[in-house]
Amino acid sequence: MIVRLTYSPEVVEKPVLAEIILKTGVPINILEAKVNAQKGELVVSIPAKEKTLEQILRFFKEAGVTAQKFTQILQIDFNKCTSCGACISPCPTRALRFTPDWTLEFDEEKCVACRTCVNACPVKAITVP
Amino acid sequence: MSENGRTETIRSIDEINEKIRKGDAVVLTAEEMIKLVESSGVEVAAKEVDVVTSGTFGAMCSSGVFLNFGHSDPPIKMTQCWLNDVPVYKGIAAVDGYLGATVLSETLGFEYGGGHVIEDLVSGKEVELRAESYGTDCYPRRHIETTITIDDLNQAVLLNPRNCYQRYDAATNSTDRVLYTYMGTLLPNYGNITFSGAGQLNPLCKDPNYETLGIGTRIFLGGGIGYIIGEGTQHNPSAGFGTLMVKGDLKQMSSRYLRGSSFYRYGVSLYVGVGIPIPILNEGIALTTAAKDEDIFVSVKDYGVPSRPDLRPSIKKVSYADLRSGKVEIKDKDVPSSPLSSYKMAIEISEVLKEWIQEGRFLLTAPVEKLSKQSVVKPLKIMKKEPKVSEIMRTNVITAYPDDLVKEVAKKLVEKGIDHLPVVDDARKLVGIVTSWDLARALAIDKKRLEEIMTKKVITVFQNESIDVVARKMARHNISGVPVVDKENHVIGILTTDDISKKLVGGRTTI
Ligand code: SF4
Ligand code: SF4
C-alpha cells in the first residue's frame, strides 16, 4: 500500500514514522520526502494488509499525521496493452504478472511506484497519472 | 524428423481445400493439437485433423511497407520524403517509397518512428506527407506538403524481409548497470531474463522440416491475408533459427495486429501478428505440430558483453517452458523471466485463423518452392580491423603513490602536460586516480597527500576491448581518461579521449 503522509507544523519534528515502525515492526519504506520546518510530506510504502494496515493508519492519525492512500499509482491502458510481458520481469516487487490466460495483471498493493515498467512498456500502455 | 511410416501421405492440400469449401475441415489451434496428441496419440490426431493453426505476435524489426503516393500536378520526382517526420526510403521510382519499421522520427526520436506510422496508416489516421526534389523537365515540382490516409495511396504493401523467427535466444545482464536493449530492460547482476517468440505456437516450430512452408504459402499477416515470399534474411535452418520473408496488402490489415513500439533508449519497431496454417499431410507433420514449449530450447545470452549476438556468452540452455514459468535459475538464484512477445495475442491469432478456415474464407496453398533447409548465416566481414585499446593506449604511464605530496604531483602533471594520473600501490596495482582538476582543487583547499583527494572507484578498461565500446563507456561516465589494467589490476597503460580522436583522425572521424 502506498500512502502519502502530510505532517502538520506541530508534529513535523516528531519521529512519528520511526515510532510506528518500532511499535508495529512493519518496515515502512520512504519513497519520496519533502520536509521543511513548516510542513512535511512523505510518500511511503507500507508492506502490510488488513488489520495491521488499519492499525498503522490509525497510529498516524492519532499522531496528527494525515495519511492518504494512493488509489491509483499507475494507469494501465488495457486497450493499448498487448499483454506482451515486457514490463513483468523488470518490476522489482513482482507487482506485475500474468493471469492463467496470459493477460497482464497489476497488483497495486505490491507496487512501490518506481516507474521501471513505464519505460519498459514498448507501446506506452503504462502511465503515471 | 519424420520417422519411418510417418511420411506416408494421408491427405493432399487439394483434398483439405475441398473439405474447407464444404465446411467439413477439422481445424485445431496448435494448443488444441498438443492436447489431442497427448490424450489420443499422434495416429488418431493425424487421421482426424486436417489443419493446425499457429500464431505469433512480437516485435519484428525487419518490417516495412512499400507505398505508392500517386502523381501530383505538376508532378514531382520525390528524392526525399517524410511521413509524420519519419524518413521514407526514396531510392526507387518518383512516387514509390519504402518505409521501414525502425526509422526514427526526425523530431520525436525514440518516441515515434516507422512502426508507428504504419500503425497510424492502418488505423486510417491522417499522416503528413512532405517531399523534396531537385526538379526535372518531366518532373518540375520541387516541394510538396499534404496530408494523406491509407485510402489515398495507390498501393500499401507490407513487405517484411525477416519475420517470424523460429525461436530466439533469451537475454540477461551480468553487468552492474541497467541495460536498455532491443530485448527490453535488463536489470543488473542477472536481475531478470527477457525472451521472445511464441514457442509452441510459433509457425516454424510447428513445421521445422519446412514440409509445408515456402514461397506462395498463404498466411494470416497483420490481420489480413499475406503470403510467404521466401526465406527471411538471416534464415538459419541448420541451427533451428529459420525466418520468413512475407508480404501482404496493408489496406486489408488491422492495427490490432500491427503495433508501433518503442524500446526505451534503443529505438522503434513494429509488433507484427503472423499466423500460418499447417496442413496435416502425414503423421510426421502431426507430430511436429504437437511440439511443446518443453521441447523447444534456446540459450540465455549475456547482453552485458557487447559482442556480436552469436559471440555473446551463453549462460544457460533453457526451454520455452522454463522461460514461461516466470523464473529461471542462474547461479543458484531464481531470476524472474518474462516475454516481450505476446502469447495471448499469439493464441488469438491462431484462433482467428482457425475461424477463417472453418468459415471457408481462407484456403490453403501449396508452396511453389519450399524454404531452404541448408543456408547458414555469415557474420559481416570487416576488412578494416576494429581498433583495440592496446593499439591506441599510451604505455609510458606516469603514476604516483597514495602518500605522494599533492604539490609535487601537481608540478609533475604540469611539466609532462598530462591530465590523468593513476595512483598505484607498491605492486603497481591501481588504487586510485587523480586529474589535474582534482589537484587544482586540492591545492586550493590545502590538502597534503594524494590519498586524501584521489578517486578510489576507478573506471578501467582492458587492452583487448574495442575502442567503440570504450568510447561509449567514457561518454557514459563523463570522463576523459581511463587507466588500462590487466586481470590483476596492474596499470599497463592509459587512454584518453584525446588519444582516441588523434589516432583515429583520417581513418574515421566519428566514434
Ligand atoms: S512502478 Fe515499479 S513497482 Fe510499480 S509496477 Fe511498475 S515496476 Fe513494479
Ligand atoms: S509491457 Fe506494456 S503492453 Fe506489455 S504487458 Fe506490460 S503494459 Fe502491457
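Annotations
- All of (1) more than 30 Å from residue A:101 (Cα to Cα); (2) over 25 Å from the mean Cα position of the chain (by Cα) hold for residue B:308 with one exception: (2).
- Spans of strands (runs of 3 or more DSSP E) in the stretch A:6-125 with at least 1 residues within 14 Å of another protein chain (Cβ to nearest Cβ) and closer than 30 Å to residue B:118 by Cα: A:96-98, A:104-106
- Filter result for residue B:301 (of a type in the set (D, E, K, R), crowded, with 20+ Cβ neighbours inside 10 Å and farther than 25 Å from residue B:247 by Cα): yes
- Of everything listed in (1) closer than 30 Å to residue B:71 by Cβ; (2) assigned by TED's automatic domain parsing to the domain that holds residue B:238, the single unmet condition for residue B:149 is (2).
- Among the residues of the stretch B:272-300, those identified as in a strand (DSSP E or B) and more than 14 Å from every other protein chain (Cβ to nearest Cβ) are B:274, B:275, B:277, B:278, B:279, B:297, B:298, B:299.
- Residue in the stretch B:222-229 that is in contact with a strand residue (DSSP E or B) (Cβ under 6 Å, 6 or more places away or on another chain), buried (at least 24 other Cβ atoms within 10 Å of the Cβ) and away from every other protein chain (no Cβ under 14 Å) present: yes
- From the list B:269, B:350, B:261, B:341, the lone residue that is in contact (Cβ under 8 Å) with a residue 24 or more places away in the chain, polar (S, T, N, Q) and either part of a loop (DSSP other than H, G, I, E, B) or within 16 Å of ligand 1 (Cβ to nearest atom) (or both) is B:341.
- Among (1) modelled with pLDDT of 85 or more; (2) within 16 Å of ligand 2 (Cβ to nearest atom) - the single one residue A:73 does not satisfy: (1)
- The strands (runs of 3 or more DSSP E) located wholly in the stretch B:1-110 that include 2 or more residues which are closer than 30 Å to residue B:140 by Cβ occupy B:64-68, B:80-83, B:86-88, B:96-100.
Yes or no, residue by residue, for (1) in contact with a helix residue (DSSP H, G or I) (Cβ under 9 Å, 6 or more places away or on another chain); (2) at negative phi; (3) not assigned by TED's automatic domain parsing to the domain that holds residue B:348:
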{"position": "B:14", "(1), (2), (3)": "no, yes, no"}
{"position": "B:18", "(1), (2), (3)": "no, yes, no"}
{"position": "B:23", "(1), (2), (3)": "yes, no, no"}
{"position": "B:53", "(1), (2), (3)": "yes, yes, no"}
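- Of the strands (runs of 3 or more DSSP E) entirely within the stretch B:396-511, those holding at least 2 residues that are under 26 Å from residue B:178 (Cα atoms) occupy B:430-435, B:481-485, B:491-496.
- Scope the stretch A:78-105; condition near ligand 2 (Cβ under 10 Å from one of its atoms) and either farther than 25 Å from residue B:325 by Cα or polar (S, T, N, Q) (or both); matching residues: A:82, A:83, A:103
- Among the residues of the stretch A:87-129, those identified as among the hydrophobic types (A, V, I, L, M, F, W, C) and more than 11 Å from ligand 1 (Cβ to nearest atom) are A:98, A:102, A:123, A:125.
- Hey, residue B:361 over 25 Å from the mean Cα position of the chain (by Cα), not assigned by TED's automatic domain parsing to the domain that holds residue B:245 and not polar (S, T, N, Q) or not: no
The values are calculated or read from the model by the stated rules, or taken from the named source; none is laboratory data. From a predicted model like this one, the values you see are computed outputs, not experimental measurements. Every residue, glycine among them, receives a Cβ derived from its backbone with ideal geometry; neighbour counts consider all protein chains shown.
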